[in-house]
1. If I take every Cα pair under 8 Å that is 6 or more residues apart in region 327-467, average their sequence separation and divide by the length, what percent do I get for the relative contact order?
2. In the full protein assembly as shown, how much of S274 is accessible to a 1.4 Å probe, in Å² to the nearest 10?
3. Can you tell me the accessible area per residue over the chain, all protein chains present, probe 1.4 angstrom, in square angstrom?
4. Quick one: Karplus J couplings for region 169-178, per residue in order, coefficients 6.51, -1.76, 1.60, θ = phi - 60°, nearest Hz, x for Gly and Pro?
5. Calculate the FRET efficiency for S463 and D58 from the Cβ-Cβ distance with a Förster distance of 35 Å, rounded to the nearest 0.05.
6. Using heavy-atom solvent-accessible surface (probe 1.4 Å) with all chains present, what is the largest-first order of K27, K157?
7. Quick one: with all protein chains in place, what share of the accessible area of region 29-180 is carbon or sulfur, to the nearest percent (1.4 Å probe)?
8. Can you list, bin by bin at 20 Å, the percent of alpha carbon pairs in the chain, starting at 0?
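The values are calculated or read from the model by the stated rules, or taken from the named source; none is laboratory data. Model, not experiment: these values are computed from the prediction. Here the Cβ is made from the backbone with ideal geometry for all residues, glycine too, and neighbour counts use every protein chain on show. Quick note on the areas: whole protein, heavy atoms, side chains included, nothing else; ligands and nucleic acids left out. Shrake-Rupley method; radii C 1.70, N 1.55, O 1.52, S 1.80 Å.
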Amino acid sequence: MSCERQGHPDLPYNCAFEALAKKLHIKTYGCQMNAYDSARMADLLAGIGYVAVEQAEDADLIILNTCHIREKAAEKVYSELGRLRHLKQRPASDGGPVLLAVAGCVAQAEGAELISRAPFVDVVVGPQSYQHLPELVARVHRATGSVLETEFPAEAKFDSLPDASVEPGACTAFLTVQEGCDRFCTFCVVPYTRGAEYSRPVAEVMKEARRYVACGVREITLLGQNVNSYHGQAPDGREWRLSRLIRALAEIDELERIRYLTSHPSDHDDDLISAHGDVPQLMPYLHLPVQAGSDRILRAMNRRHCANDYRRLIDRLRAARPDIALSSDFIVGFPGERDDDFSETMRLVRDVGFAQAYSFKFSARPGTPAADLPDVPKHVKDERLACLQQLLDQQQIAFNQACIGRELPILLDRAGRKPGQLVGRSPYMQAVHLDAAPALLGSVTLARIIGASANSLSGAPASGGGA
Ligand code: SAH
Ligand code: SF4
Ligand code: F3S
(Lines give C-alpha, C1' and ligand atoms only; values in the text may rest on other atoms or scores of the structure.)
(Ligands and ions follow the chains in the order given, each with its own letter.)
Protein backbone atom coordinates (compact mmCIF):
# COMPACT_ATOMS: atom_id res chain seq x y z
CA MET A 1 0.00 0.00 0.00
CA SER A 2 1.31 3.44 -0.82
CA CYS A 3 0.51 6.40 1.40
CA GLU A 4 1.58 9.32 -0.70
CA ARG A 5 -0.25 10.81 -3.62
CA GLN A 6 0.27 8.81 -6.78
CA GLY A 7 1.06 10.13 -10.24
CA HIS A 8 -0.50 8.81 -13.40
CA PRO A 9 -0.82 5.02 -13.03
CA ASP A 10 0.83 4.45 -16.42
CA LEU A 11 3.87 6.57 -15.67
CA PRO A 12 6.75 5.94 -13.25
CA TYR A 13 6.57 8.40 -10.31
CA ASN A 14 10.07 9.85 -10.43
CA CYS A 15 11.85 13.13 -11.02
CA ALA A 16 11.57 12.88 -14.78
CA PHE A 17 7.83 12.50 -14.29
CA GLU A 18 7.72 15.53 -11.98
CA ALA A 19 9.46 17.63 -14.62
CA LEU A 20 6.95 16.48 -17.24
CA ALA A 21 3.90 16.53 -15.03
CA LYS A 22 1.20 19.13 -15.21
CA LYS A 23 1.17 21.40 -12.18
CA LEU A 24 -1.74 21.94 -9.83
CA HIS A 25 -2.27 24.65 -7.24
CA ILE A 26 -5.25 24.57 -4.89
CA LYS A 27 -6.08 27.49 -2.59
CA THR A 28 -8.47 26.53 0.17
CA TYR A 29 -10.88 28.81 2.03
CA GLY A 30 -13.45 28.08 4.74
CA CYS A 31 -13.84 25.07 6.96
CA GLN A 32 -11.95 21.81 7.50
CA MET A 33 -14.33 20.02 5.14
CA ASN A 34 -12.99 22.17 2.36
CA ALA A 35 -9.44 21.21 3.42
CA TYR A 36 -10.45 17.54 3.18
CA ASP A 37 -12.06 18.14 -0.23
CA SER A 38 -8.96 19.94 -1.53
CA ALA A 39 -6.83 16.94 -0.60
CA ARG A 40 -9.25 14.61 -2.40
CA MET A 41 -9.20 16.87 -5.49
CA ALA A 42 -5.40 16.60 -5.52
CA ASP A 43 -5.70 12.78 -5.25
CA LEU A 44 -8.12 12.71 -8.19
CA LEU A 45 -6.04 14.97 -10.38
CA ALA A 46 -2.85 13.04 -9.56
CA GLY A 47 -4.58 10.24 -11.47
CA ILE A 48 -4.39 12.30 -14.66
CA GLY A 49 -0.83 13.45 -14.12
CA TYR A 50 -1.05 16.61 -11.98
CA VAL A 51 1.45 17.26 -9.19
CA ALA A 52 0.88 19.92 -6.54
CA VAL A 53 2.94 23.14 -6.56
CA GLU A 54 3.21 25.83 -3.87
CA GLN A 55 2.72 28.88 -6.09
CA ALA A 56 -0.27 29.66 -8.29
CA GLU A 57 2.18 31.37 -10.67
CA ASP A 58 3.79 27.98 -11.46
CA ALA A 59 0.55 26.07 -12.02
CA ASP A 60 -1.22 24.81 -15.15
CA LEU A 61 -4.45 24.34 -13.24
CA ILE A 62 -5.43 26.64 -10.37
CA ILE A 63 -8.39 25.71 -8.17
CA LEU A 64 -9.95 28.06 -5.63
CA ASN A 65 -11.88 25.91 -3.17
CA THR A 66 -14.22 28.52 -1.79
CA CYS A 67 -16.44 29.37 1.19
CA HIS A 68 -19.79 31.16 1.13
CA ILE A 69 -20.52 31.35 4.85
CA ARG A 70 -20.18 35.13 5.22
CA GLU A 71 -20.19 37.89 2.62
CA LYS A 72 -16.50 38.67 3.22
CA ALA A 73 -15.50 35.06 2.55
CA ALA A 74 -17.39 35.00 -0.75
CA GLU A 75 -16.11 38.40 -1.91
CA LYS A 76 -12.49 37.30 -1.29
CA VAL A 77 -12.93 34.85 -4.15
CA TYR A 78 -13.67 37.57 -6.67
CA SER A 79 -10.67 39.63 -5.63
CA GLU A 80 -8.44 36.55 -5.85
CA LEU A 81 -9.84 35.75 -9.31
CA GLY A 82 -9.04 39.31 -10.40
CA ARG A 83 -5.47 38.82 -9.14
CA LEU A 84 -5.03 35.47 -10.90
CA ARG A 85 -6.64 36.39 -14.19
CA HIS A 86 -3.39 37.50 -15.86
CA LEU A 87 -1.85 34.06 -15.26
CA LYS A 88 -4.10 32.73 -18.00
CA GLN A 89 -2.15 34.73 -20.53
CA ARG A 90 0.91 32.49 -20.43
CA PRO A 91 0.78 28.96 -21.89
CA ALA A 92 0.63 25.92 -19.60
CA SER A 93 3.54 23.47 -19.54
CA ASP A 94 1.85 21.30 -22.18
CA GLY A 95 1.41 24.31 -24.48
CA GLY A 96 -2.34 24.54 -23.77
CA PRO A 97 -4.02 27.27 -21.73
CA VAL A 98 -3.62 27.68 -17.97
CA LEU A 99 -6.95 26.67 -16.42
CA LEU A 100 -8.73 28.43 -13.59
CA ALA A 101 -11.39 26.55 -11.62
CA VAL A 102 -13.70 27.60 -8.80
CA ALA A 103 -14.85 24.80 -6.50
CA GLY A 104 -16.61 24.72 -3.12
CA CYS A 105 -19.56 26.57 -1.67
CA VAL A 106 -19.35 29.80 -3.70
CA ALA A 107 -19.33 27.68 -6.87
CA GLN A 108 -22.42 25.84 -5.65
CA ALA A 109 -24.29 28.94 -4.49
CA GLU A 110 -23.48 31.26 -7.36
CA GLY A 111 -22.91 28.87 -10.30
CA ALA A 112 -23.90 30.63 -13.50
CA GLU A 113 -23.74 34.05 -11.81
CA LEU A 114 -20.08 33.42 -11.04
CA ILE A 115 -19.42 32.69 -14.70
CA SER A 116 -21.13 35.90 -15.76
CA ARG A 117 -19.15 37.93 -13.19
CA ALA A 118 -15.87 36.19 -14.06
CA PRO A 119 -16.26 34.74 -17.58
CA PHE A 120 -12.56 33.89 -17.76
CA VAL A 121 -13.10 31.08 -15.20
CA ASP A 122 -12.90 27.72 -16.99
CA VAL A 123 -14.56 25.35 -14.52
CA VAL A 124 -17.15 25.91 -11.79
CA VAL A 125 -17.70 22.80 -9.70
CA GLY A 126 -19.76 22.31 -6.53
CA PRO A 127 -18.70 20.44 -3.37
CA GLN A 128 -20.74 17.34 -4.28
CA SER A 129 -19.56 17.13 -7.90
CA TYR A 130 -15.79 17.50 -7.78
CA GLN A 131 -15.34 13.79 -8.49
CA HIS A 132 -15.97 14.89 -12.11
CA LEU A 133 -12.94 17.23 -12.15
CA PRO A 134 -10.74 15.09 -14.47
CA GLU A 135 -13.59 14.90 -16.99
CA LEU A 136 -14.42 18.62 -16.63
CA VAL A 137 -10.80 19.56 -17.26
CA ALA A 138 -10.80 17.37 -20.38
CA ARG A 139 -14.05 19.04 -21.52
CA VAL A 140 -12.50 22.50 -21.19
CA HIS A 141 -9.57 21.38 -23.33
CA ARG A 142 -12.03 20.21 -26.00
CA ALA A 143 -14.48 23.10 -25.90
CA THR A 144 -14.51 26.84 -25.55
CA GLY A 145 -16.30 28.65 -22.75
CA SER A 146 -16.79 27.70 -19.11
CA VAL A 147 -17.95 24.36 -17.77
CA LEU A 148 -20.42 24.30 -14.86
CA GLU A 149 -21.15 21.27 -12.65
CA THR A 150 -23.13 21.67 -9.44
CA GLU A 151 -24.98 18.37 -8.96
CA PHE A 152 -25.99 16.67 -5.72
CA PRO A 153 -25.84 14.21 -3.87
CA ALA A 154 -22.80 13.31 -1.79
CA GLU A 155 -22.86 9.51 -2.08
CA ALA A 156 -22.03 9.71 -5.79
CA LYS A 157 -18.93 11.67 -4.86
CA PHE A 158 -17.57 9.31 -2.20
CA ASP A 159 -18.26 6.28 -4.40
CA SER A 160 -16.02 7.60 -7.13
CA LEU A 161 -13.13 9.15 -5.21
CA PRO A 162 -9.75 7.37 -5.19
CA ASP A 163 -8.18 6.20 -1.90
CA ALA A 164 -7.23 9.16 0.27
CA SER A 165 -3.51 9.87 0.37
CA VAL A 166 -1.54 11.10 3.38
CA GLU A 167 0.91 14.01 3.24
CA PRO A 168 4.45 12.69 3.77
CA GLY A 169 5.22 12.75 7.52
CA ALA A 170 1.68 13.78 8.54
CA CYS A 171 0.59 12.46 11.93
CA THR A 172 -2.84 14.10 11.95
CA ALA A 173 -5.60 13.82 9.35
CA PHE A 174 -9.16 14.91 8.66
CA LEU A 175 -11.71 12.30 7.69
CA THR A 176 -15.11 13.42 6.40
CA VAL A 177 -17.79 11.05 7.73
CA GLN A 178 -20.87 13.19 7.20
CA GLU A 179 -21.82 15.89 4.71
CA GLY A 180 -24.62 18.37 4.34
CA CYS A 181 -27.16 19.63 6.83
CA ASP A 182 -30.92 19.33 7.31
CA ARG A 183 -31.19 21.84 10.16
CA PHE A 184 -31.71 25.06 8.24
CA CYS A 185 -30.62 27.59 10.82
CA THR A 186 -32.09 30.79 9.41
CA PHE A 187 -28.72 32.53 8.93
CA CYS A 188 -26.82 29.70 7.28
CA VAL A 189 -26.02 28.80 3.66
CA VAL A 190 -24.68 25.30 4.36
CA PRO A 191 -27.93 23.36 3.71
CA TYR A 192 -28.08 25.06 0.30
CA THR A 193 -24.41 24.70 -0.65
CA ARG A 194 -23.75 21.21 0.72
CA GLY A 195 -27.23 19.76 0.36
CA ALA A 196 -29.04 17.20 2.51
CA GLU A 197 -27.35 15.20 5.25
CA TYR A 198 -25.46 12.14 4.17
CA SER A 199 -23.44 9.76 6.36
CA ARG A 200 -20.70 7.63 4.84
CA PRO A 201 -21.03 3.89 5.52
CA VAL A 202 -19.09 2.55 8.51
CA ALA A 203 -16.91 0.18 6.44
CA GLU A 204 -15.77 3.00 4.17
CA VAL A 205 -14.83 5.19 7.15
CA MET A 206 -13.00 2.35 8.92
CA LYS A 207 -11.04 1.51 5.78
CA GLU A 208 -9.95 5.12 5.32
CA ALA A 209 -9.01 5.42 9.00
CA ARG A 210 -6.93 2.19 8.94
CA ARG A 211 -5.19 3.41 5.84
CA TYR A 212 -4.32 6.71 7.52
CA VAL A 213 -2.96 4.94 10.60
CA ALA A 214 -0.88 2.55 8.49
CA CYS A 215 0.65 5.65 6.91
CA GLY A 216 1.70 7.09 10.29
CA VAL A 217 -1.36 9.12 11.29
CA ARG A 218 -1.89 9.12 15.07
CA GLU A 219 -4.80 11.57 15.34
CA ILE A 220 -7.94 11.58 13.23
CA THR A 221 -10.52 14.35 13.29
CA LEU A 222 -13.90 13.13 12.04
CA LEU A 223 -15.56 15.85 10.03
CA GLY A 224 -19.13 16.76 9.22
CA GLN A 225 -21.17 19.94 8.98
CA ASN A 226 -23.27 18.30 11.63
CA VAL A 227 -21.01 15.43 12.60
CA ASN A 228 -22.89 14.32 15.71
CA SER A 229 -25.95 13.56 13.60
CA TYR A 230 -23.87 10.80 11.93
CA HIS A 231 -25.97 7.71 11.20
CA GLY A 232 -23.91 5.60 8.83
CA GLN A 233 -24.85 2.12 7.71
CA ALA A 234 -22.83 -0.68 9.35
CA PRO A 235 -21.96 -3.94 7.54
CA ASP A 236 -24.85 -5.70 9.34
CA GLY A 237 -27.30 -3.22 7.81
CA ARG A 238 -27.93 -1.34 11.08
CA GLU A 239 -27.29 2.34 11.58
CA TRP A 240 -24.43 3.43 13.79
CA ARG A 241 -24.41 6.76 15.56
CA LEU A 242 -21.20 8.74 15.99
CA SER A 243 -20.37 7.27 19.42
CA ARG A 244 -20.44 3.70 18.05
CA LEU A 245 -18.16 4.75 15.20
CA ILE A 246 -15.77 6.38 17.67
CA ARG A 247 -15.71 3.24 19.82
CA ALA A 248 -14.86 1.13 16.74
CA LEU A 249 -12.13 3.55 15.66
CA ALA A 250 -10.65 3.43 19.17
CA GLU A 251 -9.95 -0.29 18.57
CA ILE A 252 -7.45 0.56 15.82
CA ASP A 253 -3.96 -0.02 17.21
CA GLU A 254 -1.74 3.06 17.12
CA LEU A 255 -4.64 5.48 16.59
CA GLU A 256 -3.93 7.53 19.70
CA ARG A 257 -6.32 10.45 19.33
CA ILE A 258 -9.83 10.94 17.99
CA ARG A 259 -11.64 14.26 17.62
CA TYR A 260 -14.87 15.28 15.86
CA LEU A 261 -16.08 18.54 14.38
CA THR A 262 -18.64 20.31 14.16
CA SER A 263 -21.46 19.35 16.46
CA HIS A 264 -24.97 20.67 16.96
CA PRO A 265 -26.08 20.87 20.61
CA SER A 266 -29.38 19.08 19.84
CA ASP A 267 -27.69 16.01 18.36
CA HIS A 268 -25.49 15.07 21.32
CA ASP A 269 -26.97 11.75 22.46
CA ASP A 270 -26.30 9.99 25.78
CA ASP A 271 -23.78 7.53 24.40
CA LEU A 272 -21.71 10.29 22.81
CA ILE A 273 -21.57 12.02 26.19
CA SER A 274 -20.56 8.72 27.86
CA ALA A 275 -17.89 8.12 25.20
CA HIS A 276 -16.10 11.21 26.50
CA GLY A 277 -15.83 9.44 29.85
CA ASP A 278 -14.86 5.97 28.70
CA VAL A 279 -12.94 6.22 25.41
CA PRO A 280 -9.43 7.38 26.36
CA GLN A 281 -8.53 8.15 22.74
CA LEU A 282 -11.39 10.65 22.49
CA MET A 283 -9.75 13.99 23.27
CA PRO A 284 -11.22 16.13 26.05
CA TYR A 285 -11.95 19.04 23.78
CA LEU A 286 -15.22 19.79 22.06
CA HIS A 287 -16.24 22.45 19.56
CA LEU A 288 -19.93 22.95 20.25
CA PRO A 289 -21.33 26.08 18.58
CA VAL A 290 -24.10 27.78 20.54
CA GLN A 291 -24.37 30.99 18.43
CA ALA A 292 -26.25 33.05 21.07
CA GLY A 293 -27.36 33.04 24.69
CA SER A 294 -30.83 34.54 24.27
CA ASP A 295 -33.73 32.12 23.83
CA ARG A 296 -35.60 34.67 21.73
CA ILE A 297 -32.67 34.89 19.30
CA LEU A 298 -32.03 31.13 19.35
CA ARG A 299 -35.67 30.65 18.33
CA ALA A 300 -35.35 33.20 15.53
CA MET A 301 -32.22 31.37 14.40
CA ASN A 302 -34.17 28.08 14.34
CA ARG A 303 -31.51 26.47 16.53
CA ARG A 304 -34.08 24.22 18.26
CA HIS A 305 -32.46 24.41 21.69
CA CYS A 306 -32.54 27.05 24.41
CA ALA A 307 -29.64 28.47 26.41
CA ASN A 308 -30.38 26.24 29.41
CA ASP A 309 -30.40 23.11 27.20
CA TYR A 310 -26.86 24.10 26.27
CA ARG A 311 -25.87 24.70 29.91
CA ARG A 312 -27.31 21.30 30.90
CA LEU A 313 -25.45 19.58 28.06
CA ILE A 314 -22.17 21.15 29.19
CA ASP A 315 -22.85 20.01 32.77
CA ARG A 316 -23.40 16.43 31.57
CA LEU A 317 -20.25 16.49 29.43
CA ARG A 318 -18.27 17.78 32.41
CA ALA A 319 -19.73 15.10 34.62
CA ALA A 320 -18.57 12.47 32.10
CA ARG A 321 -15.15 14.05 31.54
CA PRO A 322 -14.34 16.68 34.18
CA ASP A 323 -11.38 18.18 32.30
CA ILE A 324 -13.23 18.62 29.00
CA ALA A 325 -12.42 21.99 27.38
CA LEU A 326 -15.02 23.75 25.29
CA SER A 327 -14.98 25.83 22.20
CA SER A 328 -17.88 27.52 20.43
CA ASP A 329 -19.09 29.79 17.65
CA PHE A 330 -21.08 32.98 18.26
CA ILE A 331 -22.96 35.34 15.99
CA VAL A 332 -23.59 38.88 17.25
CA GLY A 333 -26.08 41.29 15.73
CA PHE A 334 -28.52 38.71 14.42
CA PRO A 335 -31.59 40.65 13.13
CA GLY A 336 -33.68 41.83 16.06
CA GLU A 337 -30.93 41.23 18.68
CA ARG A 338 -31.41 43.79 21.47
CA ASP A 339 -29.02 44.79 24.24
CA ASP A 340 -30.77 42.44 26.68
CA ASP A 341 -30.38 39.54 24.21
CA PHE A 342 -26.70 40.28 23.87
CA SER A 343 -26.36 40.41 27.68
CA GLU A 344 -27.75 36.87 27.73
CA THR A 345 -24.95 35.80 25.38
CA MET A 346 -22.38 37.39 27.70
CA ARG A 347 -24.00 35.64 30.68
CA LEU A 348 -23.85 32.27 28.95
CA VAL A 349 -20.17 32.77 28.14
CA ARG A 350 -19.46 33.64 31.81
CA ASP A 351 -21.45 30.61 33.00
CA VAL A 352 -19.77 28.10 30.72
CA GLY A 353 -16.18 29.36 30.42
CA PHE A 354 -14.64 28.59 27.03
CA ALA A 355 -11.08 27.51 26.30
CA GLN A 356 -11.38 28.97 22.82
CA ALA A 357 -14.08 30.40 20.55
CA TYR A 358 -14.88 32.02 17.22
CA SER A 359 -17.23 34.98 17.01
CA PHE A 360 -18.67 36.72 13.99
CA LYS A 361 -20.90 39.63 13.09
CA PHE A 362 -24.11 38.47 11.43
CA SER A 363 -23.75 38.57 7.66
CA ALA A 364 -26.94 38.45 5.58
CA ARG A 365 -26.65 35.60 3.10
CA PRO A 366 -28.79 35.66 -0.03
CA GLY A 367 -31.48 32.99 -0.05
CA THR A 368 -31.50 32.41 3.73
CA PRO A 369 -34.60 33.43 5.75
CA ALA A 370 -32.65 35.82 8.03
CA ALA A 371 -31.43 37.81 5.03
CA ASP A 372 -34.93 39.33 4.68
CA LEU A 373 -35.04 40.62 8.27
CA PRO A 374 -34.00 44.15 9.29
CA ASP A 375 -30.28 44.26 10.02
CA VAL A 376 -28.77 45.54 13.29
CA PRO A 377 -26.71 48.74 12.66
CA LYS A 378 -23.04 48.10 11.92
CA HIS A 379 -21.72 50.16 14.87
CA VAL A 380 -23.87 48.12 17.27
CA LYS A 381 -22.53 44.87 15.83
CA ASP A 382 -18.96 46.21 16.08
CA GLU A 383 -19.40 47.15 19.75
CA ARG A 384 -20.98 43.82 20.67
CA LEU A 385 -18.33 41.85 18.85
CA ALA A 386 -15.51 43.76 20.59
CA CYS A 387 -17.16 43.24 23.98
CA LEU A 388 -17.71 39.49 23.40
CA GLN A 389 -14.22 38.96 22.03
CA GLN A 390 -12.68 40.69 25.02
CA LEU A 391 -14.42 38.26 27.37
CA LEU A 392 -13.59 35.23 25.20
CA ASP A 393 -9.92 36.30 24.99
CA GLN A 394 -9.76 36.64 28.78
CA GLN A 395 -11.19 33.14 29.15
CA GLN A 396 -8.73 31.72 26.63
CA ILE A 397 -5.73 33.27 28.41
CA ALA A 398 -7.01 32.10 31.79
CA PHE A 399 -7.46 28.57 30.44
CA ASN A 400 -3.95 28.55 29.00
CA GLN A 401 -2.41 29.92 32.19
CA ALA A 402 -4.17 27.30 34.28
CA CYS A 403 -2.20 24.68 32.33
CA ILE A 404 1.13 25.93 33.72
CA GLY A 405 2.64 23.29 35.97
CA ARG A 406 0.57 20.46 34.46
CA GLU A 407 2.07 17.53 32.56
CA LEU A 408 0.28 17.09 29.24
CA PRO A 409 0.71 14.59 26.40
CA ILE A 410 1.68 16.48 23.24
CA LEU A 411 1.40 15.10 19.72
CA LEU A 412 4.46 16.65 18.07
CA ASP A 413 3.42 17.38 14.51
CA ARG A 414 5.91 19.91 13.09
CA ALA A 415 9.29 21.57 13.49
CA GLY A 416 9.36 24.82 15.44
CA ARG A 417 10.87 28.09 14.26
CA LYS A 418 13.84 27.81 16.65
CA PRO A 419 16.49 25.12 16.11
CA GLY A 420 15.87 22.04 18.25
CA GLN A 421 12.25 22.98 18.80
CA LEU A 422 9.19 20.92 17.87
CA VAL A 423 5.57 22.05 18.01
CA GLY A 424 2.56 19.92 18.79
CA ARG A 425 -0.96 19.93 20.14
CA SER A 426 -2.14 19.34 23.67
CA PRO A 427 -5.31 17.29 24.22
CA TYR A 428 -7.11 20.67 24.38
CA MET A 429 -5.85 21.73 20.92
CA GLN A 430 -3.38 24.30 22.28
CA ALA A 431 -0.18 24.68 20.27
CA VAL A 432 2.76 23.67 22.50
CA HIS A 433 6.39 24.58 21.76
CA LEU A 434 8.96 22.20 23.14
CA ASP A 435 12.69 21.46 22.85
CA ALA A 436 12.68 17.87 21.68
CA ALA A 437 14.71 15.41 19.59
CA PRO A 438 13.68 15.37 15.90
CA ALA A 439 13.03 11.61 16.21
CA LEU A 440 10.00 12.45 18.38
CA LEU A 441 8.21 14.13 15.48
CA GLY A 442 4.95 12.29 14.84
CA SER A 443 4.68 10.83 18.34
CA VAL A 444 2.97 11.72 21.60
CA THR A 445 5.33 12.82 24.34
CA LEU A 446 4.71 14.09 27.85
CA ALA A 447 5.61 17.72 28.53
CA ARG A 448 5.48 19.91 31.62
CA ILE A 449 3.88 23.23 30.74
CA ILE A 450 6.13 26.09 31.78
CA GLY A 451 4.68 29.09 29.97
CA ALA A 452 1.43 30.32 28.44
CA SER A 453 0.41 33.13 26.12
CA ALA A 454 -2.93 33.92 24.51
CA ASN A 455 -2.37 31.53 21.62
CA SER A 456 0.17 28.93 22.68
CA LEU A 457 1.99 27.15 25.49
CA SER A 458 5.63 26.31 26.03
CA GLY A 459 6.70 23.05 27.56
CA ALA A 460 9.73 21.21 28.88
CA PRO A 461 10.39 17.49 28.74
CA ALA A 462 8.50 15.88 31.60
CA SER A 463 10.08 13.31 33.84
CA GLY A 464 9.61 10.04 31.97
CA GLY A 465 8.32 11.91 28.91
CA GLY A 466 11.26 10.88 26.78
CA ALA A 467 11.56 14.28 25.11
N1 SAH B 1 -22.40 23.32 11.48
C2 SAH B 1 -21.96 24.27 12.39
C3 SAH B 1 -21.57 25.60 11.79
C4 SAH B 1 -21.05 25.74 10.43
S5 SAH B 1 -20.73 27.35 9.88
C6 SAH B 1 -23.03 24.50 13.43
O7 SAH B 1 -24.09 23.99 13.37
O8 SAH B 1 -22.82 25.25 14.33
C9 SAH B 1 -19.51 27.95 11.00
C10 SAH B 1 -19.94 29.13 11.79
O11 SAH B 1 -20.09 30.26 10.96
C12 SAH B 1 -21.28 28.99 12.46
O13 SAH B 1 -21.20 28.27 13.64
C14 SAH B 1 -21.69 30.42 12.69
O15 SAH B 1 -21.24 30.90 13.92
C16 SAH B 1 -20.99 31.16 11.57
N17 SAH B 1 -21.95 31.63 10.57
C18 SAH B 1 -22.72 30.88 9.77
N19 SAH B 1 -23.51 31.66 9.01
C20 SAH B 1 -23.23 32.94 9.36
C21 SAH B 1 -23.74 34.21 8.96
N22 SAH B 1 -24.72 34.31 8.06
N23 SAH B 1 -23.22 35.32 9.53
C24 SAH B 1 -22.25 35.23 10.47
N25 SAH B 1 -21.73 34.06 10.89
C26 SAH B 1 -22.23 32.92 10.35
FE1 SF4 C 1 -25.57 25.79 9.30
FE2 SF4 C 1 -24.75 24.32 11.34
FE3 SF4 C 1 -27.21 25.32 11.32
FE4 SF4 C 1 -26.55 23.35 9.66
S5 SF4 C 1 -26.63 23.24 11.90
S6 SF4 C 1 -27.75 25.15 9.14
S7 SF4 C 1 -24.44 23.88 9.18
S8 SF4 C 1 -25.27 26.49 11.42
FE1 F3S D 1 -17.76 27.64 4.12
FE2 F3S D 1 -18.97 25.75 2.80
FE3 F3S D 1 -17.49 25.15 4.89
S4 F3S D 1 -19.79 27.73 3.22
S5 F3S D 1 -17.75 26.94 6.19
S6 F3S D 1 -16.77 26.01 3.01
S7 F3S D 1 -19.37 24.17 4.30
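1. 19
2. The accessible area of S274 comes to roughly 50 Å².
3. I get 43 Å² per residue for the chain.
4. Computed from phi, the couplings for region 169-178 are x, 6, 10, 10, 8, 8, 9, 6, 10, 8 Hz.
5. 0.15
6. Largest accessible area first, the list is K27, K157.
7. On region 29-180, the fraction of accessible area on carbon and sulfur atoms equals 51 percent.
8. The percentages, shortest bin first, are 22, 55, 22, 0.
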